Amino acid sequence: MNNQIFGLKFRQLRKQQHITLSKAAAGITSRQSLGNWETGKGELAFEKVLLLLKKINVQPIDFLESSISSYLKQTTSQISEQPS
């Protein structure tokens, strides 16, 4: 699965809660690393992702289900648009 979907989903959740990039990253990773992950230009260790989710009060299982659901919708749409 495309790792980019997780960063994008995290960014969406973070912004919904009006949490800045700096505030979310504080004590976990650099603001730049978090920004790169959110935009698909970098990766983060799973442990850091779990800490970030805790910081924005999102359960890991909810995050994964939501992210995977978004990925499946995107993939299904792309397949449907391909000519036969």
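The values are calculated or read from the model by the stated rules, or taken from the named source; none is laboratory data. Computed from a predicted structure; not experimentally measured. When we count neighbours, we look across all protein chains shown, and the Cβ atoms used for this are built from the backbone with ideal geometry, even at glycine. Calculation scope for accessible area: heavy atoms of the full protein, side chains included, ligands and nucleic acids excluded. Shrake-Rupley method; radii C 1.70, N 1.55, O 1.52, S 1.80 Å.
Test of understanding: among Ile56, Ile79, which residue is open to solvent by 100 Å² or more (accessible area, probe 1.4 Å) and β-branched (Val, Ile, Thr)? Walk me through how you get there before you give the answer.
On the way: Ile56 fails: open to solvent by 100 Å² or more (accessible area, probe 1.4 Å).
It is Ile79.
Which numbered condition trips up Gly42, out of (1) under 13 Å from the mean Cα position of the chain (by Cα); (2) buried (at least 16 other Cβ atoms within 10 Å of the Cβ)?
For Gly42, the failing item is (2).
Just to be sure I understand, how many residues within segment 1-16 are surrounded by 19 or more Cβ atoms within 10 Å (Cβ to Cβ), farther than 13 Å from Tyr71 by Cβ and either among the charged types (D, E, K, R) or modelled with pLDDT under 90 (or both)?
Looking only at that region, the number is 1.
Quick one: which residue in Ile68, Ile5, Ile28 is touching a Lys or Arg at 6+ places or on another chain (Cβ under 6 Å) and among the aliphatic types (A, V, I, L, M)?
Values: Ile68 fails: touching a Lys or Arg at 6+ places or on another chain (Cβ under 6 Å); Ile5 fails: touching a Lys or Arg at 6+ places or on another chain (Cβ under 6 Å).
Unique residue meeting the criteria: Ile28.
Here is a yes/no grid of residues against (1) of a type in the set (Val, Ile, Thr); (2) in contact (Cβ under 8 Å) with a residue 24 or more places away in the chain; (3) in contact with a Phe, Trp or Tyr (Cβ under 7 Å, 6 or more places away or on another chain):
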{"position": "Leu8", "(1), (2), (3)": "no, yes, no"}
{"position": "Gln12", "(1), (2), (3)": "no, no, no"}
{"position": "Gln17", "(1), (2), (3)": "no, yes, no"}
{"position": "Ser22", "(1), (2), (3)": "no, no, no"}
{"position": "Ala26", "(1), (2), (3)": "no, no, no"}
{"position": "Thr29", "(1), (2), (3)": "yes, no, no"}
{"position": "Gly35", "(1), (2), (3)": "no, no, no"}
{"position": "Glu38", "(1), (2), (3)": "no, yes, yes"}
{"position": "Ala45", "(1), (2), (3)": "no, no, no"}
